[in-house]
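Colleague: Below is one structure. I have some questions about it.
The values are calculated or read from the model by the stated rules, or taken from the named source; none is laboratory data. For clarity, every value in this text was computed on a predicted model and none was experimentally measured. Cβ placement follows ideal geometry from the backbone for every residue including glycine, while neighbour counts extend to all protein chains displayed. The protein model used for the area step is the full one, side chains on, heavy atoms only, and it has no ligands, DNA or RNA in it. Shrake-Rupley method; radii C 1.70, N 1.55, O 1.52, S 1.80 Å.
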Amino acid sequence: MLSTKFSGEIIRRNKHLGLHEYKFLLKAIVSSGIGEQTYAPQMVFDGREACPTYEDGILEMEEFFQDSIDKVLKRNKISPSEIDVLVVNISMLACMPSLAARIINYYKMREDIKVYNITGMGCSASLISINAIQSVFKNEKNKVALMVTSESLSPNWYTGNDRSMILANCLFRSGGCAILLTNKLSLKNKAMFKLKQLVRVHHGANDESYDSCVQREDNQGNIGFHLDKKLPKAATRALVDNLKQIAPLILPIRELLRYAIAIFMKKMNWGSTKGGPKPMINFKTGVDHICLHTGGKAVIDGVGANLNLSEYDLEPARMTLHRFGNTSASSLWYVLGYMEAKKRLKKGDKVLMLSFGAGFKCNSCLWEVLRDLDNGNVWKDCIDNYPPNTLVNPFLEKFGWLHDEDDTFTIPDDYVIP
């Protein structure tokens, strides 16, 4: 587990950082909405983040694969030989043989298994993988698919001092998920959700969107993940375009008509709409739960404001960010797991998933809950502690300079910068 105190120690170890960078990063960490119990790869705790090995990345993934896949197969009484389709998405680790091939070798899967090893798709990769499986299922019946999603942080820890690139170290944490999908009617009674709609939007042709989130070298040759100041604008554009496509597919006609009339009246400056706020479409008329990617506090706040969501709607994403951090493409499933652990998901409910990723992409899908869900999952050991009384990081209260209550800055006694 990666506490704020240990995060400060990691910052201290980076010889490229001075006092100003130290202050900037610690302030970013304590105001990020991330709690004290997120996870980081082993090499960070070994003090080797500046010089990770190839094996660090492989071992990080294999440790996760074997734990998660074992659990999902055992719980559903599915043998590895019954898997017809395997889709693995790990965006920032490419190896040979592929990670998918390593899974096949470890579990001794069939020779005729369809395999897709997806890289470079970023935080939106989960729904891209779902879409790939959906395409297979359209052409082949009675199949079982295994989707595995995670991110390898070990070989991608940034050790330079570019603020736009070192922020990724503050936000991303270790995590992952293994999911079984099927179009076998004989397995329908075991199913938790049914996929109803899926929409993908890609703004890669727009240079501003393309450059807003990209892996590159800094001026000293250190490789990192650049998060541009124009990222929020790129995300908003992609979100709007995605919602334009999925809204007619999932919302009742009465809400679409109400919104269209409100927009028309606004444009014509009729009645009480003149000079008032911009009309907003109400997604809760066709959706019971919103499952947001935990890209950061600003992402959750921004989507919540744009969709006029309540704190109840945003709670699963906020609590996931606090407990697990941004686990990239797998974060959606932690958010969904929170809803399940809190017994929010009832038969017939509709769940809208929204994810963002480098490129720039916004993907969404709609799930229908097939039965009341209250199974134990990754949240079972801590769900009773959520939501906590406060999400405020304890360091904010301890050091005034972190929230600009004073203009002095002193290094805590246990944080010594060499």
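Colleague: Please give me, ordered by residue number, the GluC sites (Glu not before Pro) of region 87-155 that lie in loop per DSSP and have at most 15 other Cβ atoms within 10 Å.
Modeller: Counting only loop positions with at most 15 other Cβ atoms within 10 Å, the GluC sites (Glu not before Pro) in region 87-155 are GLU111, GLU140.
Colleague: Turning to a different aspect of this structure: Can you list the HN-Hα couplings for region 123-130, worked out from phi with the Karplus curve (6.51, -1.76, 1.60; θ = phi - 60°), rounded to whole Hz and with x for Gly and Pro?
Modeller: In residue order, the calculated couplings are 5, 9, 5, 4, 6, 5, 5, 4 Hz.
Colleague: To continue, here is another question. Grab the DSSP H runs of the chain that are 4 residues or longer, score each as -39,500 (n - 2.57), total them, divide by all residues and round the 222 nm result to the nearest 500 deg cm²/dmol.
Modeller: -12000 deg cm²/dmol
Colleague: Express the relative contact order of region 98-257 as a whole percentage, based on alpha carbon pairs under 8 Å and six or more residues apart in sequence.
Modeller: 20 percent
Colleague: How far apart, in nm, are two points set 7 Å out from the Cα along the Cα-to-Cβ line at LEU391 and at PHE6?
Modeller: If labels sit at LEU391 and PHE6, their model points lie 2.3 nm apart.
Colleague: Enter the accessible area per residue of the chain (Å², integer; probe 1.4 Å; all protein chains in place).
Modeller: Numbers: 20250 Å² over 418 residues.
Heavy-atom SASA per residue in the chain reads 48 Å².
Colleague: Within the set of other residues whose C-beta is less than 9 Å from the C-beta of LEU2, count the net charge using Lys and Arg as +1 and Asp and Glu as -1.
Modeller: Numbers: positive: ARG173; negative: GLU36.
Once all neighbours under 9 Å are counted, the net charge is 0.
Colleague: Which net charge results for the neighbourhood of GLY18, defined as the other residues with beta-carbon distances under 15 angstrom from its beta-carbon, given Lys and Arg at +1 and Asp and Glu at -1?
Modeller: Overall, the nearby charge balance is +4.
Colleague: Still on this structure, I have one more. Each residue of region 319-326 in turn: what ³J(HN,Hα) in whole Hz from Karplus with 6.51, -1.76, 1.60 and θ = phi - 60°, glycine and Pro shown as x?
Modeller: Values, residue by residue: 5, 5, 4, 5, 7, 10, x, 8 Hz.
Colleague: Now for a different question. What trypsin sites (Lys or Arg not before Pro) in region 174-267 are in a loop by DSSP, with at most 10 other Cβ atoms within 10 Å of the Cβ?
Modeller: LYS229
Colleague: Placing +1 at every Lys and Arg Cβ and -1 at every Asp and Glu Cβ, with all other atoms neutral, what dipole size does region 46-197 have around its Cα centre, in debye to the nearest 20? Intermediate values should be presented prior to the final figure.
Modeller: Working: 19 positive and 16 negative charges, 235 e Å.
For region 46-197, the charge dipole is close to 1120 debye.
Colleague: Can you pick out the pairs among LYS141/LYS380; LYS138/LYS342; LYS233/LYS361; LYS188/LYS284 whose Cα atoms lie more than 23 Å from each other?
Modeller: LYS141/LYS380; LYS138/LYS342; LYS188/LYS284
Colleague: Sum up the charges of everything whose Cβ sits under 14 Å from the Cβ of ARG102, counting Lys and Arg as +1 and Asp and Glu as -1, but leave ARG102 out.
Modeller: -3
Colleague: Given the chain, what percent of its DSSP beta bridges are antiparallel, to the nearest 5? Please report the intermediate quantities before stating the final value.
Modeller: Details: 30 of 46 bridges.
For the chain, the DSSP antiparallel bridge percentage is about 65.
Colleague: Note down the magnitude of the dipole of the chain about its Cα centre, charges +1 on Lys and Arg C-beta and -1 on Asp and Glu C-beta and zero elsewhere, to the nearest 20 debye.
Modeller: That gives a dipole near 2160 debye.
Colleague: Also, quick follow-up: Quick check on the chain: take the gyration tensor over C-alpha atoms, sort the square-rooted eigenvalues as a ≥ b ≥ c, and tell me if it's rounded (a/c under 1.5), prolate or oblate.
Modeller: Judged from the Cα gyration tensor, the chain comes out oblate (a/c at least 1.5, b/c at or above a/b).
Colleague: How much FRET efficiency would the formula 1/(1 + (r/R0)^6) give for THR285 and ASP211, where r is the Cβ-Cβ distance and R0 is 35 Å, rounded to 0.05?
Modeller: Efficiency at R0 = 35 Å is approximately 0.45.
Colleague: Return a whole-number percent for the relative contact order of the chain, with Cα pairs under 8 Å and 6 or more residues apart as the contact set.
Modeller: In percent, rounded to a whole number, it is 21.
Colleague: Computing the accessible area with a 1.4 Å probe over protein heavy atoms, can you report the carbon and sulfur percentage for the chain?
Modeller: So the carbon and sulfur contribution to the accessible surface is 53 percent.
Colleague: With a Förster radius of 60 Å, plug the Cβ-Cβ distance of CYS51 and ARG254 into 1/(1 + (r/R0)^6) and report the FRET value to the nearest 0.05. Numbers along the way, then the final one.
Modeller: Working: r = 60 Å, r/R0 = 1.01.
Plugging the Cβ-Cβ distance into 1/(1 + (r/R0)^6) gives 0.50.
Colleague: What's the FRET efficiency of ILE223 with ASP381 using the Cβ-Cβ distance as r and R₀ = 25 Å, to the nearest 0.05?
Modeller: Computed FRET efficiency for ILE223 and ASP381: 0.10.
Colleague: Right, another one. Using the alpha-carbon centroid of each, what span in Å lies between region 290-333 and region 24-86?
Modeller: So the two Cα centres are separated by 20 Å.
Colleague: What number, in percent, do you get for the relative contact order of region 227-385 if the mean sequence gap of Cα pairs under 8 Å and at least 6 apart is divided by its residue count? Don't skip to the end; give the middle numbers.
Modeller: Values: 198 pairs, mean separation 36.7, N = 159.
Relative CO of region 227-385 lands at 23 percent.
Colleague: How much length is gained on full extension from ASN269 to ARG75, taking 0.36 nm per residue of separation minus their Cα-Cα distance?
Modeller: 64.0 nm
Colleague: According to the square roots a ≥ b ≥ c of the eigenvalues of the Cα gyration tensor, what is the shape class of region 277-369, taking rounded for a/c under 1.5, prolate for a/b larger than b/c otherwise, and oblate for the remainder? All intermediate terms of the calculation are to be shown ahead of the outcome.
Modeller: Values: a/c = 1.39, a/b = 1.02, b/c = 1.36.
In terms of gyration-tensor shape, rounded.
Colleague: Is the shape of region 17-97 rounded, prolate or oblate, going by the alpha carbon gyration tensor and its root eigenvalues a ≥ b ≥ c, with a/c under 1.5 for rounded and a/b larger than b/c for prolate?
Modeller: Prolate.
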